[in-house]
Amino acid sequence: MDKILVHGGHRLSGSVKISGSKNSALPILAATLLTRESCTISRVPDLSDIHYMLTILSELGCEVERASGMVQIKAEKIKTQAPYEIVRKMRASVCILGPLLGREHEATVSLPGGCVIGDRPIDLHLQGFEALGAAVRVSGGNVKILAPNLRGAMVSMRSKFGSTVLGTGNVMMAAVLADGTTVIDGAAEEPEVVDLANFLIAMGAKIEGAGTRKITIEGVKELHGAEHEVIPDRIEAGTFLVAGAISGTEVTVSRVTPAHLTAVTGPLSEAGFDIKPNGNQITIRPGTKRSALKLDTVPYPGFPTDMQAQMCALLATTEGISVVTENVFPQRFMHIAELKRMGASIDLQGSTAVIRGVSQLSGAPVMASDLRASAALVLAGLQADGVTEVNRVYHIDRGYESIDEKLNELGARIERVKT
Ligand code: EPU
């Protein structure tokens, strides 16, 4: 298991190229199951979660070829049962359910277990499939779904924590080949849902309203092969902007869509940083004064849960009292105990973290618990005095392409140690 050693206090500067979005690429790769024809997806990030998805697709019978960010998939003949050993490694593997149902009218996938960021049920995905006429049975840890007559319906994707992102994608992927019209009410509005819809439209699907609360899908008889470029990863971009903020220097993220990042750049401006979008780049510079923040995570277009841990790392050394409330995954606070081991002063009250900024963190051995928590610990290590040893970094490799190399190119000193 690799670990990362972050030598604190090195100032970052320069520009970093942002990779394609993990959370767009995963359902888009799954969507290639919807056609027998070949699809080409570009700007696919090189991440372990992407590797798991491609392995699942190969196991289902797809021909998969991959070369530097480009993936070609041909799902001519496919199986409908995904192997447990691979599916269990990644929760996002549930997004093969929608395309398998749409194309083959049946799917068997093992149910995802709990996860450190919370309970993470898939009840809304299953209710959506049932609304489209599917019969869902759970037994032996698997969910088996049969849908001989998939037909359009009204479907709600609203949970008490906000709309479900992968659930919206899953129902959309089943509905594109259903008979008649499906209306998804309370749809997730995330850019990743829009990206998936754009790929489906390129394959011949009829979809309107992606990016709003109401998506309308007119079922078609079949889809064809298509080419698609994945959108930039707004969370990777946000993470590097926070790296610049923590280092107190000028950093530019390039190949990004600034409009997707306003919920992150807004609070960074409010905290006193100077943010300049310019075409497909955003530059962050330190302002004259830093201020504490009140942040609430909410679904898009609000402040994203996937940036909460990284912002906690920044606010840990921002003078004053910041209050961060997690509304999407109320238990997503595994990074707090680790930040406290580095000297942060944080009081966790239910799903709210009350952060009293300290002037300096100190390096310590810390444990990564999930993807964004590990990123937060690396960011905290950039500011800390001495060396921060981040263990279990396989979490970070699930969602950040070469984060250590990219940070080193900006001037950080990070070593990856094989243990
Ligand atoms: N929920 C339900 N029932 C469901 C589905 C979701 O109650 O059937 C609840 C969840 O428990 C949660 C809320 O709805 O409280 C939102 O969860 P959502 O379904 O939107 O999460 P997801 O689609 O499984 C994606 C991203 C996550 C990101 C969330 C929220 C992918 C592969 N994952 O997950 O990304 O945090 O949306 O934006 O797209 C990450 O990249 O680090 C990550 C965890």
Exercise for review: Would you be able to tell me the number of residues in the range 13-42 that are under 17 Å from residue 406 (Cα atoms) and away from the ligand (no atom under 16 Å from the Cβ)?
Suggested key: 5
Practice item. Could you identify the single residue in 87, 109, 71 that is within 19 Å of residue 40 (Cβ to Cβ), in the same structural domain as residue 177 (by TED's automatic domain parsing) and without any contact (Cβ under 8 Å) to a residue 60 or more places away in the chain? Key: 71
**Study point:** Residue that is open to solvent by less than 10 Å² (accessible area, probe 1.4 Å), assigned to a loop (DSSP other than H, G, I, E, B) and out of contact with any Pro (no Cβ under 6 Å at 6 or more places or on another chain), where the choices are 16, 71, 44, 109
**Key:** 44
Study note, to complete from the structure: Taking the range 288-332 and keeping residues at pLDDT below 95 and closer than 21 Å to residue 250 by Cα leaves 288, 289, 290
Check your understanding: Of all residues in the range 213-236, which are within 16 Å of the ligand (Cβ to nearest atom) and out of contact with any Phe, Trp or Tyr (no Cβ under 8 Å at 6 or more places or on another chain)?
Key -> 213, 215, 230, 231, 232, 233, 234, 235
**Study point:** Boolean, residue 193 is touching a residue at least 12 places away in the same chain (Cβ under 8 Å) and within 28 Å of residue 281 (Cα to Cα)
**Key:** yes
Exercise for review: For the range 140-189, name all the residues that are open to solvent by less than 20 Å² (accessible area, probe 1.4 Å), part of a loop (DSSP other than H, G, I, E, B) and either of a type in the set (Val, Ile, Thr) or within 14 Å of the ligand (Cβ to nearest atom) (or both).
Suggested key: 157, 176, 186, 187, 188
Practice item. Assess whether residue 239 counts as being outside the structural domain of residue 132 (by TED's automatic domain parsing), within 16 Å of the ligand (Cβ to nearest atom) and either open to solvent by less than 30 Å² (accessible area, probe 1.4 Å) or polar (S, T, N, Q) (or both). Key: yes
Practice item. Give 328, 324 a once-over and let me know the one that is of a type outside the set (Gly, Ala, Ser) and assigned to a strand (DSSP E or B). Key: 324
Check your understanding: Right, residue 279: on the phi > 0 side of the Ramachandran plot and either surrounded by 20 or more Cβ atoms within 10 Å (Cβ to Cβ) or at pLDDT 95 or above (or both) or not?
Key -> yes
Exercise for review: Restrict the check to the range 333-342 and report whether at least one residue is under 24 Å from residue 260 (Cα atoms), within 16 Å of the ligand (Cβ to nearest atom), buried (at least 22 other Cβ atoms within 10 Å of the Cβ) and modelled with pLDDT of 95 or more.
Suggested key: no
Check your understanding: Taking the stated definitions as given, is residue 62 in the same structural domain as residue 219 (by TED's automatic domain parsing) and touching a Gly at 6+ places or on another chain (Cβ under 6 Å)?
Key -> no
Exercise for review: Assess whether residue 225 counts as being assigned by TED's automatic domain parsing to the domain that holds residue 285 and either open to solvent by 10 Å² or more (accessible area, probe 1.4 Å) or not in a strand (DSSP E or B) (or both).
Suggested key: no
Revision key, fill the gap. Out of (1) crowded, with 24+ Cβ neighbours inside 10 Å; (2) in a helix (DSSP H, G or I); (3) within 19 Å of the chain's Cα centre (by Cα), the one residue 399 does not meet is (2)
Study note, to complete from the structure: Here the residues within the range 285-306 that are over 15 Å from the mean Cα position of the chain (by Cα) and either free of Cβ contacts under 8 Å to residues at least 12 places away in the same chain or part of a strand (DSSP E or B) (or both) are 285, 294, 295, 296
Study note, to complete from the structure: By residue number, the members of the range 119-139 that are more than 12 Å from the ligand (Cβ to nearest atom) and small (Gly, Ala, Ser) are 131, 133, 134, 135, 139
Exercise for review: State the number of residues belonging to the range 331-365 that are part of a strand (DSSP E or B) and in contact (Cβ under 8 Å) with a residue 12 or more places away in the chain.
Suggested key: 10
Exercise for review: Just name the residue that is farthest from residue 180 (Cα to Cα) out of those in the range 216-265 that are free of Cβ contacts under 8 Å to residues at least 40 places away in the same chain and of a type in the set (S, T, N, Q).
Suggested key: 265
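The values are calculated or read from the model by the stated rules, or taken from the named source; none is laboratory data. As the structure is a computational prediction, the values presented were derived from the model and not from experiment. We place every Cβ from the backbone using ideal geometry, glycine too, and count neighbours over all the protein chains shown. For the accessible areas, the whole protein counts, side chains as well, though only heavy atoms, and no ligand, DNA or RNA atoms are used. Shrake-Rupley method; radii C 1.70, N 1.55, O 1.52, S 1.80 Å.
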